[in-house]
Amino acid sequence: IFRLNEEQMKSLVGCGAGAGLAAVFNAPIGGALFAMEVVLGSLDMQSFSPIIIASVFGTFISRSIIGNKPIFVIPTFSMKSPIELVFYVLLGLFAGFVGVFFVRLFYRTEEFFDHKKFPIKSKIWKPAVGGLIVGIIGIYFPEVFGYTYQGVDASLYSRDSFLLLSA
């Protein structure tokens, strides 16, 4: 209808994603940076201003409707002993290795599907196989189907944390 070119369409998608994330998490800068880095794939200065403006407006509208209260009530944690710092360092190192493993697995999976030939020449088979895999995972871990406040709350209060993170 608006006869937008591909670059303008990408910018509008980034604006929508940034505004939505900013509104949900009450974090305009976080929503904007996530949209630019993950959705658009680059920190393009041409899209920067519209995405920042959309994220600020998304947060403003969200706050005017639901108020300026936090979405999640985060439990208070306190350190009982300085020895806990050793475990935090070990946890940080472990998380770093898991992060590297995840990124490598992600790229290897992408390369596998880029080189995989399906018997019928159609662009629908690769997304269909991906959807089937996510559907099978979703049977056991319904949290993969989308963002839920219950899933985040469960992880904040250490209920099913490992299961949620592994999904």
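The values are calculated or read from the model by the stated rules, or taken from the named source; none is laboratory data. Since we're looking at a predicted model, the values are computed, not measured. For neighbour counting, all protein chains shown are included, and Cβ atoms are generated from backbone atoms with ideal geometry for every residue, glycine included. Ligands, DNA and RNA are stripped out before the accessible areas are found, and what is left, the full protein with its side chains, is counted by its heavy atoms. Shrake-Rupley method; radii C 1.70, N 1.55, O 1.52, S 1.80 Å.
Structure above, values below:
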quantity	calculated
Qualifying residues in the range 1-24 (those that are surrounded by fewer than 16 Cβ atoms within 10 Å (Cβ to Cβ) and charged (D, E, K, R)) - the one nearest to residue 41 (Cα to Cα)	7
The range 71-85, residues that are of a type in the set (A, V, I, L, M, F, W, C) and under 19 Å from residue 156 (Cα atoms)	71, 72, 73, 74, 77, 79
Residue 95 vs. criteria closer than 20 Å to residue 156 by Cβ, aliphatic (A, V, I, L, M) and at pLDDT below 90	no
Among residues of the range 99-129, those that are open to solvent by less than 80 Å² (accessible area, probe 1.4 Å) and at pLDDT below 75, counted	2
The range 25-41, subset open to solvent by 50 Å² or more (accessible area, probe 1.4 Å) and in a helix (DSSP H, G or I), residue farthest from residue 13 (Cα to Cα)	25
Any hit, the range 7-18, residues being modelled with pLDDT under 85, among the polar types (S, T, N, Q) and either assigned to a loop (DSSP other than H, G, I, E, B) or closer than 29 Å to residue 133 by Cα (or both)	no
Candidate set from the range 44-87 (those that are β-branched (Val, Ile, Thr), under 30 Å from residue 14 (Cβ atoms) and not in a helix (DSSP H, G or I)); member that is least open to solvent (accessible area, probe 1.4 Å)	71
